[in-house]
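For reference, the structure discussed in these notes is given below.
The values are calculated or read from the model by the stated rules, or taken from the named source; none is laboratory data. From a predicted model like this one, the values you see are computed outputs, not experimental measurements. Neighbour counts run over all protein chains shown; Cβ positions are idealised from the backbone, glycine included. All accessible areas refer to the heavy atoms of the entire protein, side chains included, with ligands and DNA or RNA removed. Shrake-Rupley method; radii C 1.70, N 1.55, O 1.52, S 1.80 Å.
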Amino acid sequence: MTKEIHANIPEGDLKDKWSNYKAKAKLVNPNNRKKLEVIVVGTGLAGASAAASLAEMGYKVKSFCFQDSPRRAHSVAAQGGVNAMKNYKNDGDSVFRMFYDTLKGGDFRSREANTYRLAECSASLIDQAVAQGVPFGREYSGYLRNRSFGGVQVSRTFYARGQTGQQLLLGSYQALMRQKETGQVKLYARHEMLDLVTIDGKAKGIIARNLDTGEIERHGAHAVILATGGFGKIYYLSTLAMGCNASAIWRAHKKGALMANPSWTQIHPTSLPQSGEYQSKLTLMSESLRNDGRIWVPQDKNETRKPKDIPEEERDYYLERKYPAFGNLAPRDIASRSAKEQIDAGKGIGALKNAVYLDFSHAIKEYGQDVIEERYGNLFTMYEKITGINAYKEPMKISPSAHFSMGGLWVDYDLMTTTPGLFAIGEANFSDHGANRLGANSLLQACVDGYYIAPYTLQNYLADEIQVAKTDVNHPAFDEAEKQVKSQLEKFVNLKGNKTAEEFHRELGKILYDKCGLSRSEDGLKKAITDIQNLREEFHENLLVPGDVEDINSELEKAGRVSDYFELAELMCIDALRREESCGAHFREEFQTEEGEAMRNDAEYSYSAAWEWSGQASEPILNKEPLKFEYVKPTQRNYK
């Protein structure tokens, strides 16, 4: 039976909704805040900013991360920049334009109110970050410098060379550690959430495993925030860190939280290509490089000359040819599919013929190498360390790779899931990006959710919890959750098969990338579902996990994550199969225009798919949140 879900969008004009919400939201008296406990899982930009902000307000916060330090969260890997509407370049930017660019970039598959709020709050973030000491690039005059990212025609991206995520994370980390020193935050590093605990339908705590001792711990609270990032690592080869996983949000999903649009995963166009079967990770090269780099392939698929020896007339600058208005800064989904088209046509370059060129020779000739080095120096250095190639002298080789999850836990305007008291922020939720995220909006969403939205919306929920006693971790709900967690861990260790979780993950990732990656088809998705089911059955019979449960055991950690991946992977394919249209990163081969572009079906599929766990991975229940467009009329995306 489907659920009736409500987005709880405030009344009023689009530009007034967030102000109206804040004006009417319930508050918690400062003396009552110290009685309330909040668990925040994840210490990336979303989690660290939320934990620091809530602690500053007076709440007691427990902060969890599986890394050895909050500074190791994957937000550190974001490179190119963070978007904000400041209009410093006087090039026509506005809150509405940023809202429209984001909505259009997501192929009109996101909620208007949430997307507008993201643009509205963006300017405040830059002021906050500068006050924290984030060293954004500056003009000679002292003004903050901007550049462009894909899918826009203005300059609204603020950056700190090629390490913007790291610098923003250091700002939120400092704020978090300040609260730790005051005693408002209790930090649990090297702890992994293994289950959500609900009492009377409300989120009341988590079961966590101490990764250094193997001990299973119970932690209670009045509310739980999941800020655990996305699940792009499900493809195995991705730009994400090896430890990134979906287990926290998936286990919350199995406790009642709906999962929205899981098949909408972004394949980033600017990654280093795979160089062999031995690889377990790919390296992101910032989208900012597409500001000055030109992407091309040889016109002759049998070309053997070095790139510098191929004359201009024998090169195909295919993005500039196909999308002259945006050129090399076309949105990520379009740029990635275009690269795949060239590679599939046999024009790929490199040893495995799986890449395209990103060429800076024209920019160096126009601006000089010193200017390019100032803009992207650390990225060029990283590229040379990995490949041994000096990109100032010859083009980079880049290729699409799995990167970001637009899908995630379904949340309403408050960022609360369908489980009362459980909030999901940052990439862990689905709310802002639709079917494709624009570059530099990821850091923005993480910070805006943590610094500006969650402190208001969580308080609105907690105002009704001030009379509720501290959660008792001896409650039978904790007993049952802990029992299930221990049972699963013991099962993994006792299987004594002959195939590791890593091997299963690699096979699963290939199935997904081939059948539910850059392009999808009905036949391919049906085959993928069958293959996933068969491989999952083998996993639960033939898994090898050496070591013990009550000890440091990284293989046991992987086993739990890969087990969750199998169930999520099947849901991704079911979601992609049910959505018989192409939109953004979801490209069904059967639904495309004569020119090979995505063909939406607004009449039947203008909704967010919110899937409910039925108890069986192969039988999810579909709930629909209709998308209502009151301020923008959805059109066929055109970047030409």
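Over the Cα atoms of region 564-640, compute the convex hull volume and normalise it per residue, giving Å³.
Cα convex hull per residue, to the nearest whole number: 120 Å³.
Taking the Cα atoms only, what angle lies between the long axis of helix 522-542 and the longest principal axis of the chain, rounded to 10 degrees?
50
Hey, with R₀ at 30 Å, roughly what FRET efficiency would S361 and Y140 work out to, going by the Cβ-Cβ distance, to 0.05?
Given R0 = 30 Å and the Cβ-Cβ separation, E is 0.70.
Give the cross-link partners of K347 among the lysines, using a straight C-alpha distance below 17 Å as the criterion and excluding same-chain residues fewer than 8 apart.
Those lysines meeting the cut-off are K301, K306, K308, K322, K397.
Calculate, in nm to one decimal, what K628 and E4 gain on full extension: separation in residues at 0.36 nm each, minus their alpha carbon distance.
Full-extension gain reported as 223.0 nm.
Which order do the peptides 247-257, 214-224, 313-323, 23-33 come out in when sorted by mean C-beta neighbours inside 10 angstrom, highest first?
247-257, 214-224, 313-323, 23-33
List nothing, just return the count: lysine pairs in region 476-602, 8 or more apart or interchain, with Cα separation under 25 Å.
20
Between region 505-538 and region 239-316, how many Å separate their Cα centres?
A separation of 19 Å, based on Cα centres.
Determine the share of region 531-640's accessible area contributed by carbon and sulfur atoms, expressed in whole percent, with a 1.4 angstrom probe.
Taking all protein chains in place, region 531-640 shows 43 percent carbon and sulfur surface.
Using only the alpha-carbon atoms, how far is helix 95-105 inclined from the longest principal axis of the chain? Give it as 0 to 90 degrees, nearest 10.
Orientation of helix 95-105: about 80 degrees from the principal axis.
How much net charge surrounds V38 when only other residues with a Cβ under 15 Å from its Cβ are counted (Lys, Arg +1; Asp, Glu -1)?
The answer is +4.
If you add up the charges near T198, with Lys and Arg at +1 and Asp and Glu at -1, over every other residue whose beta carbon is less than 9 angstrom from its beta carbon, what do you get?
+2
Relative contact order of the chain, please, whole-number percent, based on alpha carbon pairs below 8 angstrom and at least 6 residues apart.
Relative contact order of the chain: 21 percent.
When all alpha-carbon pairs of region 116-248 are counted, what percent fall beyond 22 Å?
Above the 22 Å cut-off, region 116-248 has 59 percent of its Cα pairs.
Could you give the length gained on full extension between T530 and E507, defined as 0.36 nm per residue of separation minus the Cα-Cα distance, in nm?
Taking 0.36 nm per residue and subtracting the Cα distance, the gain is 6.9 nm.
For the chain, what is the accessible area per residue in Å² when the probe is 1.4 Å?
38
Normalised by the number of residues in region 269-401, what is the relative contact order in percent for Cα pairs under 8 Å and 6+ residues apart?
Reported relative contact order: 34 percent.
Compute the angle between helix 45-57 and the longest alpha-carbon principal axis of the chain, please, reported from 0 to 90 degrees and rounded to the nearest 10.
40
In nm, to one decimal, how far is the N498 label point from the D514 one, both placed 7 Å along Cα→Cβ?
2.3
Full extension from T381 to Q153: what is 0.36 nm times the residue separation minus their Cα-Cα distance, to one decimal in nm?
That works out to 79.2 nm of additional length.
For the residue pair K22 and T182, what label-to-label distance in nm results when each label sits 7 Å from Cα along the Cα-to-beta-carbon direction?
Here the modelled spin labels are 2.0 nm apart.
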